[in-house]
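Novice: Got a structure for you, written out below as structure tokens; questions coming shortly.
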Amino acid sequence: MTGKQRFLTALNGGRPDRVPIFLRDLTLGLDLCDLDTSQVSGGYDSVAAVQAVVASQRRFHQDAVVGCIHDLGLDVEAFGGHVEFPRRGIPFVARAPFADADRLREVRSVDPAENGRWPAVIETYRLVKQQLGDDVAIAANIEGPVTRAGVLRGLDKLAMDLMRRPALAAELVELSTTIAEAHVRSLAGAGADLVFVAAASDGPAAISPTHYAELTIPGLRRIVAAARDCDLPVVFHPHGPFTDPRFRELVDMALDCGIQGFQFGEGCDLSLARELWGDRACILGGPDVPEVLLPGPVEKVRRVTADCLDRAMGTGGFVLMASCSLHRNTPSAHIDAMVETALARGQYTQGA
Amino acid sequence: MPDTQDAHSHLAQAIITGDEAAGIAMSRELLSAGEPATDIVATMAAAMTQLGARFQRNEVFLPDIIVAADAFEQVMALVDPHLRAQGAVSASRGRVALGVVAGDIHDIGKSIVKIMLEAAGFAVLDLGNDVPATRFVEAAGDADILGISALMSTTMPVMEEVVTLLEQARLRESTKVLVGGAPVSADFARAIGADGYGADAVEGVKLARSWMGEGAQ
């Protein structure tokens, strides 16, 4: 069974030979290749980015990868914002393009092929597909509706807009969703096998359930429709305590949009998630990044990973991830421990 | 005008709902009625504490905190001259220098901590974001507590650099180091030698108060 078959089998709710591994490492491969962030992400060097993605896939036995070195600022420069690229750090948005809301009127195009670093990013997906595509599932990493709006406006300003200028907030989310749809189409054309909606600011860790229902869900529905047009399944990853009884209906709303998988982040109970939604969707998740994978030690990583597997792997329909994306400066030894545990303990017994 | 008790209650409600216009109007009325500025700030502080507790329980969300903090700041701008006239500013609970580490500009968390600290009576020196370790150490000379925030795992090492530089400058014993931010954990705080870790603004303020010899409320 190839990694791609393994991942897609689990995403469809089935039982592969072992639990698939998908780290959604967005910049981690840069460490493995000793590459500068500024060198790769700054002008966007597709060849170096491919090298980093492939190195990470091979080192950590990943069954799915994001098909590029990704940062939150990929759309920012095209709309007039500014991104900083610390030499050994993670790119960050130093100036949000719509910090001045009047600049929204100046938007002309959301076509990724015309925007900033995106042509090189799309080329990276193509090259990764060429190198890994037969064996590994390629995920198109696309920000969620409110999450992208927060990047483009600045999250503090968007949070204020949600309360005091709701029409403006809705307009920003609308634009963000339109951009997401365009990215789905362009990355499907570059060979993506699935769409991963990365939505850190789309859940109750940031916004209220009301805003989630009014803004995130309609946007997610449109992203799923765009993915379906390209025959791609969708995994959704908002942040929040979704297994808390008060927020469970938010998961149901997302599942009703037609997603195939839901990644649960920090503060969620994976065994409960499996019990509640395992018959409707693939459950994705794993060790907590800030509490486990960053500080370690290795023994704790092994113990927590084993516990996650015991709680959630069941008889299939589960993908081991971290609680969120991984970035450079995450200790490789800790990730090795997570992966080794998964390879040893995540085997499905024949006929089970 | 409502009676004084009602006015305080309305002011608290204005802060909680982020209604800055109502907050300013109610504060003006209270000041006109001769209410001490310190009592007005105490009402707002209690409202922010209540809201922070509800945030911890996932009963309110980031936008609620942001608008409440904005209303608090706007009312504080009105009240501040009266506090100074009362001589209340110098009687602060302690001095905190607060900033987001170099390479990081995510300052929502830091801004909320600042508001909560001010609401709790601390004098806060806001160092801003993208602050180099050396700047934190410079500020330590005028602060009881250094509040250091990082929102990205890659910028967390700056926190350890601050602790090291404080030791080299012989300021470590006179300065408490409080760290926080999404990727930061209690284990990380212990590992770098920080004095404490605030999982959120409320926890951070509780720690700061306990260090200044007060029970957390």
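Novice: Of the accessible area of segment B:1-141, with the probe set at 1.4 angstrom, what percent is carbon plus sulfur?
Specialist: Details: 2920 of 5770 Å².
Solvent-exposed carbon and sulfur of segment B:1-141 make up 51 percent of the total.
Novice: Quick one: Cα convex hull volume of segment B:1-151, Å³ per residue? The partial results should precede the final answer.
Specialist: On the way: hull volume 15.5 nm³, N = 151.
So the per-residue hull volume is 103 Å³.
Novice: Restricted to Cα positions, what overall size does segment A:104-161 have along the principal axes? Three whole-Å values, descending.
Specialist: Ordered largest first, segment A:104-161 gives principal extents of 46, 23, 12 Å.
Novice: Considering all projection directions equally, how large on average is the shadow of the alpha-carbon convex hull of segment A:247-344, in square nanometres? Show your work: numbers first, answer last.
Specialist: Details: hull surface 24.9 nm².
For the Cα atoms of segment A:247-344, the hull's average projected area reads 6.2 nm².
Novice: At 4 °C and 1.567 mPa s, grab the translational diffusion coefficient of segment A:93-195 from Stokes-Einstein with a Kirkwood Rh over Cα pairs, rounded to a whole number in µm² per second.
Specialist: Numbers: Rh = 14.7 Å.
Estimated diffusion coefficient is 88 µm²/s.
Novice: Taking the Cα centre as origin and putting +1 on Lys and Arg beta-carbons and -1 on Asp and Glu beta-carbons, what dipole magnitude results for segment B:31-177, to the nearest 20 debye?
Specialist: 280 debye
Novice: Sticking with this structure for a sec: What does the convex hull of the Cα atoms of segment B:129-184 come to per residue, in Å³, rounded to a whole number? Before the final figure, lay out each step's value.
Specialist: Working: hull volume 3.7 nm³, N = 56.
Dividing the Cα hull volume of segment B:129-184 by its residues yields 67 Å³.
Novice: Name the residues of segment B:121-164, by number, that are at least 30 Å² less accessible with every protein chain in place than in the isolated chain; the surface is that of heavy atoms, probe 1.4 Å, without ligands or nucleic acids.
Specialist: At a threshold of 30 Å² (probe 1.4 Å), the residues of segment B:121-164 that become less exposed are B:M152, B:S153, B:T154.
Novice: Rounded to the nearest 20 Debye, what is the dipole magnitude of the protein assembly as shown about its Cα centre when Lys and Arg each give +1 and Asp and Glu each give -1 at the C-beta? Show your work: numbers first, answer last.
Specialist: Working: 50 positive and 74 negative charges, 204 e Å.
It comes to approximately 980 debye.
Novice: Ignoring everything but the protein chains, give the 1.4 Å probe accessible area of A:L194 in square angstrom, nearest 10.
Specialist: Its accessible surface works out to 0 Å², give or take rounding.
Novice: When only DSSP loop residues count, what GluC sites (Glu not before Pro) in segment A:89-191 have their Cβ near at most 13 other Cβ atoms within 10 Å? Can you show the working numbers first?
Specialist: Details: sites: A:E106, A:E114, A:E123, A:E143, A:E171, A:E174, A:E181; in loops: none.
Of the GluC sites (Glu not before Pro), not one in the loops of segment A:89-191 has a Cβ with at most 13 other Cβ atoms within 10 Å.
Novice: Still on this structure: How many lysine pairs does the protein assembly as shown hold where the Cα atoms are under 27 Å apart and the two sit 8 or more places apart or on different chains? Provide the component values of the computation, followed by the final result.
Specialist: Numbers: A:K4/A:K129; A:K157/B:K110; A:K157/B:K114; B:K110/B:K176; B:K110/B:K206; B:K114/B:K176; B:K114/B:K206; B:K176/B:K206.
Value for the protein assembly as shown: 8.
Novice: By how many nm would the segment from A:A101 to A:R280 grow when fully extended, if each residue of separation counts as 0.36 nm and the alpha-carbon distance is taken off? Each step should come with its number before you reach the end.
Specialist: Values: separation 179, 0.36 × 179 = 64.44 nm, distance 4.00 nm.
60.4 nm is the gain from fully extending A:A101 to A:R280.
Novice: State the percentage of accessible surface on segment A:52-136 attributable to carbon and sulfur atoms; use a 1.4 Å probe and exclude ligands, DNA and RNA. It would help to have the intermediate numbers written out before the result.
Specialist: Values: 1580 of 3530 Å².
Carbon-and-sulfur percentage of accessible area, whole number: 45.
Novice: Nearest 500 deg cm²/dmol is fine: what mean residue ellipticity at 222 nm does the protein assembly as shown get from its DSSP H runs of n ≥ 4 alone, each adding -39,500 (n - 2.57), divided by its residue count?
Specialist: Details: 21 runs with 266 residues, N = 569.
When only DSSP H runs of four or more count, the value is -14500 deg cm²/dmol.
Novice: Let me ask something else. For segment A:130-164 and segment A:187-226, what is the separation of their Cα centres, given in Å?
Specialist: When both Cα centres are located, 8 Å separates them.
Novice: Calculate the mean, over all residues of peptide A:285-297, of how many other protein chain Cβ atoms lie within 10 angstrom of the residue's Cβ.
Specialist: Values: counts 0, 0, 0, 1, 4, 9, 5, 2, 1, 7, 10, 2, 1.
Neighbouring Cβ atoms belonging to other protein chains average 3 per residue here.
Novice: Kindly report, to the nearest 10 Å², the accessible surface of B:T4 as traced by a 1.4 Å probe over protein heavy atoms only.
Specialist: 60 Å²
Novice: Let me know the mean shielding of B:55-67 by other chains, meaning the per-residue number of their Cβ atoms within 10 Å of its Cβ.
Specialist: Numbers: counts 0, 0, 1, 10, 1, 1, 13, 13, 14, 5, 1, 10, 5.
Whole-number average of other-chain Cβ neighbours for B:55-67 is 6.
Novice: When all alpha-carbon pairs of the protein assembly as shown are counted, what percent fall beyond 39 Å?
Specialist: On the way: 45351 of 161596 pairs.
Here the tail beyond 39 Å accounts for 28 percent of pairs.
Novice: Of the candidates A:L162, A:L326, A:L26, which one comes out as most mobile in a Gaussian network treatment of chain A with C-alpha springs shorter than 10 Å?
Specialist: Greatest mean-square fluctuation among the candidates belongs to A:L162.
Novice: I'd like the interface area for chains B and A: accessible area of each alone minus the complex, both sides summed, 1.4 Å probe, protein heavy atoms only. What is it in Å² to the nearest 100?
Specialist: On the way: alone 10150 and 13230 Å², together 21220 Å².
That pair hides around 2200 Å² of surface in total.
Novice: No solvent, one uniform scatterer per C-alpha: report log10 I(q)/I(0) for segment A:1-135 via the Debye equation at q = 0.09, 0.16 1/Å, two decimals.
Specialist: -0.32, -0.84
Novice: What does the structure give for A:156-163 when I average, per residue, the other chain Cβ atoms found within 10 Å of the residue Cβ? Show your work: numbers first, answer last.
Specialist: On the way: counts 10, 1, 3, 9, 6, 2, 6, 8.
For peptide A:156-163, the averaged partner shielding equals 6.
Novice: Cα extents of segment A:68-107 along the three principal axes, largest first, in whole Å?
Specialist: So the extents along the principal axes, rounded to whole Å, are 35, 19, 10.
Novice: So, one more: Per residue, how many Å² of accessible area does the protein assembly as shown show with a 1.4 Å probe? Walk me through the intermediate numbers first.
Specialist: Details: 21220 Å² over 569 residues.
Accessible area per residue, the protein assembly as shown: 37 Å².
The values are calculated or read from the model by the stated rules, or taken from the named source; none is laboratory data. Worth saying up front: this structure is predicted, and the values here are computed from it rather than measured. Positions of Cβ are backbone-derived with ideal geometry, glycine not excepted, and every protein chain shown enters the neighbour counts. What goes into the accessible areas is simple: the full protein's heavy atoms, side chains included, and nothing from ligands, DNA or RNA. Shrake-Rupley method; radii C 1.70, N 1.55, O 1.52, S 1.80 Å.
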